[in-house]
Amino acid sequence: MSAVTRSVDVAAAPSRSPLISWLAVVSVMMGIFAIVTTEILPIGLLTSIGSTFHISDGTAGLMMTMPGILAAIAAPSLTVMTGRMDRRLMLCALMLLLALANFLAAVAPNYLVMVISRVLVGLTIGGFWSIGAGLAARLVPQERVATATAVIFSAVPLGSVLGVPAGTLLGYLADWRTTFLVMGVFAVGVLVALIVLLPPLPAVQVTRPQVLRGLLRGGGTRAGLVVTFLVVIAHFGTYTYMTPFLQQVTQVSPELITVFLLIYGAAGIVGNFVAGAVVQRSLRATFTVSAFMIAAAALLLPVIGDRAVGAIVLLIVWGLAYGAVPVCSQIWFFKSAPHAPEAASVIFTASFQASISIGALAGGFIVDTTSVSAVMALGGAIALLTVVALRAFRTPGQDATAGSPIREVSGTRA
């Protein structure tokens, strides 16, 4: 354990009551839940928002593109620029920004204002993720860090399982503006919880630009960038337009689309747990299987996805597969740089978010110029390229041993 890690452990909150410490952990988890839900909420509301502003589904996909671009920029830049600021203050400021972004979306008079609100979401994602991902060690005693980190990151699949389907259903029962209004109120509630429950969190480690540049020169990091780029583009270039596909090809009602997304999200949680259990034994095999399953689901959707049963089966396969992707990608980066976990987290966040934006943008162009079925086929082909790339690259590092940073990271996603 490094001197920095020891100092963090000392700075944890053993003097605070266990209840307050765990409530602080939950408050960070709810912040990430709010961020994840807000980021991917347009997937379920894409057609409704597009109809309001009289734009195509492809143009509406910019709502997924903009947060990814800004998050990719914000992750390294905010981490470096605010390296000496109290992390509690930063988290509160970013949650306030998320609330303002949601309120702005709820009252947006035109699509330009809507895109501006999504820019604010992107800034929040990049900053909050880079800071919040490693806070568990400063909130609970060392022996509870793995459990606390797992609680924090459980917000990721919960955003898909609860947040997006619930938001989609609310948008159907009321309207999409109400959904963003509710998310704004929720973010304010999280802000209050962060203010009340988090202790002062002065900076204890500064990630400098030269550290990030050094990691990017490593072969393992560059390989991680390639495979993450391919598989995330394949996923978000297609899944962003799942609602139009289900409406136009499968021809299901809006309320059933909510059920379909709920089934996908539930499968994602299962995939997350399965990946957490097996990824330590074989990172590359787990990553390869998940990429192949995404490819199969995307390629088969235009073939058998015109029926509800076929679409549901493929969404289950897709959810199981994508639930493993963040686990595999994050661990790949940490194994490539076990000596600099914070910097590795920054690169993971930036690369993942940039790939989301590129995938959503490319998918939108294809949807507008061809069809939603064509974008599924192309996304499946890109996922197959991921499989080829994974077979060509060498898995970074050695198998994790007990107590290593990698083992702790795997627990966060399981």
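Tabulated values for the structure
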item	result
Ordering of 92-100, 56-64 by packing [mean C-beta count within 10 Å, highest first]	56-64, 92-100
Residue-averaged [θ]222 nm for the chain, counting only DSSP H segments that reach four residues, each worth -39500 (n - 2.57)	-26000 deg cm²/dmol
Cα long-axis angle, helix 164-173 against the chain (0 to 90 degrees, to the nearest 10)	50 degrees
0 to 90° range, to nearest 10: angle between helix 176-197 axis and the chain longest Cα axis	10 degrees
Against the rule of thumb 2.2 N^0.38 Å, how large the Cα Rg of the stretch 59-197 comes out	1.10
Label-to-label distance, nm, for residues given as F292 and R217 (7 Å Cα→Cβ offset)	3.7 nm
FRET efficiency, 1/(1 + (r/R0)^6) with R0 51 Å, evaluated for Q142 and A392 via beta carbons	0.85
Centroid-to-centroid separation of the stretch 194-239 and the stretch 349-370 [C-alpha atoms, Å]	19 Å
Whole-angstrom gap from the stretch 55-115 to the stretch 306-329, using each part's C-alpha centre	27 Å
Label point distance in nm, S282-V115, each placed 7 Å from Cα along Cα→Cβ	4.6 nm
Histogram of C-alpha separations across the stretch 160-296, 10 Å bin width, %	9, 23, 27, 30, 10, 1
C-alpha long axis of helix 219-239 to longest principal axis of the chain, angle in °	40 degrees
Karplus-derived HN-Hα couplings along the stretch 84-91 (A = 6.51, B = -1.76, C = 1.60, θ = phi - 60°), whole Hz, x at Gly and Pro	9, 7, 4, 5, 4, 4, 5, 4
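Values in this text are rule-based calculations from the coordinates and carry no lab data. The model shown is predicted, which means the values in this text are computed figures rather than measured ones. Note that each Cβ is placed from the backbone with ideal geometry, even for glycine, and that neighbours are counted across all protein chains shown.
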